[in-house]
Every structure is written in structure tokens, then in C-alpha cells.
1. Can Ala130 be described as over 16 Å from Ala213 (Cα atoms) and either touching a residue at least 60 places away in the same chain (Cβ under 8 Å) or among the aliphatic types (A, V, I, L, M) (or both)?
2. Within region 257-272, identify whether any single residue is crowded, with 19+ Cβ neighbours inside 10 Å, assigned to a loop (DSSP other than H, G, I, E, B), touching a Gly at 6+ places or on another chain (Cβ under 8 Å) and of a type in the set (S, T, N, Q), and answer yes or no.
3. Just checking, which of Ala205, Ala217 is outside any loop (DSSP other than H, G, I, E, B), surrounded by fewer than 19 Cβ atoms within 10 Å (Cβ to Cβ) and modelled with pLDDT of 95 or more?
4. In region 236-287, which residue that is of a type in the set (D, E, K, R) and at pLDDT below 95 is nearest to the chain's Cα centre (by Cα)?
5. If you go through region 153-164 one residue at a time, do you hit one that is over 24 Å from the mean Cα position of the chain (by Cα), within 12 Å of Thr230 (Cβ to Cβ) and buried (at least 17 other Cβ atoms within 10 Å of the Cβ)?
6. For residues in region 165-197 being without any contact (Cβ under 8 Å) to a residue 24 or more places away in the chain and among the basic types (Lys, Arg), which is surrounded by the most Cβ atoms within 10 Å (Cβ to Cβ)?
7. Evaluate region 228-238: report whether one residue or more is assigned to a loop (DSSP other than H, G, I, E, B), charged (D, E, K, R) and buried (at least 18 other Cβ atoms within 10 Å of the Cβ).
Amino acid sequence: MRGCALDGTLLAEATGSRAGAADVVREALDALPGDAPLRTIVVAVGDVTAPGERGAGVRPATAKAGPVFDAVAVALPPGVPVHLENNVNCAALAELHEGAARGRRTFGYLRIGVGIGLGIVVGGRVLRGANGAAGELARLPYPWADGREPRHEALEDYMGARSLLRRAAEVWRQDDGPCPRTTDRLLALAARGSAPARAVLDRHAVDVGRLAAAVIAVLDPGLVVLGGSTGADPRLLPGVRAEVERLSWPTEVVSSTVGDLGTVVGAARLAVARGVQTVTEAARAKD
């Protein structure tokens, strides 16, 4: 969690596990200067968010906030506007202002990790869609082939980290050593030259490239930023670029540069913008 002044200056920061989210919020709030009024709060959530705002401590009825928000809400001070934003959209904002998309007004941020998602930035603003669901790639029909019925969120099941590790287990032999149980371990083994690990990642890069080509076909973003716990790994980049070049028109594809803090950085940026808006509106009301 980050606390920032209206000019973007970092005032407080705290980290912790999802289980201790409420304690992290309290720690960050306690670290803020006592004379600093809290203007707005932005909470990044991992699901669809619809436009809306509620006072702190109340679960917004306009969004699928999830259990993490329920835990955090008890630590939020009353009377402060709370805004929910999709975590992938927050990460896209971070790339826009501080990461690989600086200087670009239009791009797609493609996150590949435990799940998949797309942050769409057009004209310097995140495109949220009529229901706040723009970029929900998990809902794309998959598989889409003769004799096979698409299943709900099957594409995310196929592209996500669990399936990646399952495919590794299918090709791993006993003399390859212990089979990786985490994507971090799989990536580390590939970096050390493990043949099966590199083969699995090469195949994953092709799949990510095909998904990126689909994004390009719909959006023509000019730039695709690859993020997420596996998507941002530079070892995927050549394979993704090759598949995009094979299937689509020339489009720049780069790896994220903001890393794991992208969601927090983007949420802080959004909070600053919301806070400035709140102060401006209050000043206008007085006039």
C-alpha cells in the first residue's frame, strides 16, 4: 500500500500478505502525517469493476470486490471516498506513467501470470467499457474448434500458471531433476539452461504470442507491454515477438519495466488524480 500527497510525493508505504491486508492498511495510515487529510482511497481488485463509489467501510454494491476488500474495509477510515479499480488497469497506468509505455498514448498491457488480463489505454486513458469489463480476456471463447465446445474461462485455465506447471510435469523426466512446483522455479531453471524448462517456456511464448496477435487484431495498439509473473520474463519476449510477426502486422512488443509493484504504483497514481479532483470540486462548490 502507498500513501501519496496530491503532488505525487510518497508519504507512506507498507507491504504484507493478502491475509494481513487490514494490518498493512493500518500500518500505512498510521505512517501518514497527522495533519494530512485523507482525500480518497483506491483499492485494486482482481475482478470486474463497474463505475461507482462508496464511503469507506462499506462494500460497494457496484463491483465484485472480493474477500480482500472485505478484510481491508474494516481498517479504512469512515467518510473517505473509496474507488475500486481492476488490478490490471492499475498496472497499465503504471506502465503509462513510469514504465515501458512512457511517451505512448495508446497501448495494450497484457498480463500473464496466475490468470490473464488486458489493460487497454487509448489516448492516455484506461478504456473500461460499458460494464467495467474491457480487457477481460478470460471470457474469450476457448477452445474454438470443430467438435469442441468453449468453456467458461477456459482460456485463462489454459494460459494460467497452474496449466503451465502441469505441462512442465507432463514432459519432465526423472533424470531432469526435481520437477518445478512454482513458475519462479521453472523460470530459474530455464535461465540455467534446463532443456525441458526452456521447451515449456518456448511453447508458452508461442501461446502468449497468439493471444497478443488477437489483441492486436482487435485494438491495433501499436505497442503491447507484457507483464505478470511469467509474462514479464524476458525469456518469453523473442518467442512472443516471432509469433506476433507471423500472425499480425508489425507491432512493438516489450516487457514490463515496473515489475511486481505495477498495480500499487498505478493505484497510487489514480488515487492522486481522484484526490486532486475532490479538492478541485470542493473549491468550485465554495465559489
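The values are calculated or read from the model by the stated rules, or taken from the named source; none is laboratory data. As the structure is a prediction and not an experimental result, all values here were calculated from the model. Neighbour counts run over all protein chains shown; Cβ positions are idealised from the backbone, glycine included.
1. So Ala130 fits the description; yes.
2. no
3. Working: Ala205 fails: surrounded by fewer than 19 Cβ atoms within 10 Å (Cβ to Cβ).
Exactly one of Ala205, Ala217 is outside any loop (DSSP other than H, G, I, E, B), surrounded by fewer than 19 Cβ atoms within 10 Å (Cβ to Cβ) and modelled with pLDDT of 95 or more, namely Ala217.
4. The qualifying residue nearest to the chain's Cα centre (by Cα) is Asp260.
5. Within region 153-164 (the criterion being over 24 Å from the mean Cα position of the chain (by Cα), within 12 Å of Thr230 (Cβ to Cβ) and buried (at least 17 other Cβ atoms within 10 Å of the Cβ)), the answer is no, since none of the residues qualifies.
6. Going through the qualifying residues, I end up with Arg185.
7. Narrowing region 228-238 to residues assigned to a loop (DSSP other than H, G, I, E, B): 228-233.
Add one more test, that the residue is charged (D, E, K, R), and what stays is 233.
Applying the additional criterion that residues be buried (at least 18 other Cβ atoms within 10 Å of the Cβ) yields 233.
Within region 228-238, one or more residues are assigned to a loop (DSSP other than H, G, I, E, B), charged (D, E, K, R) and buried (at least 18 other Cβ atoms within 10 Å of the Cβ).
To keep it simple, each residue is scored yes or no on (1) touching a strand residue (DSSP E or B) at 6+ places or on another chain (Cβ under 7 Å); (2) part of a strand (DSSP E or B); (3) of a type in the set (Ser, Thr, Tyr); (4) farther than 30 Å from Gly8 by Cβ.
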| site | (1), (2), (3), (4) |
| --- | --- |
| Glu85 | yes, yes, no, no |
| Arg102 | no, no, no, no |
| Gly117 | yes, yes, no, no |
| Tyr158 | no, no, yes, yes |
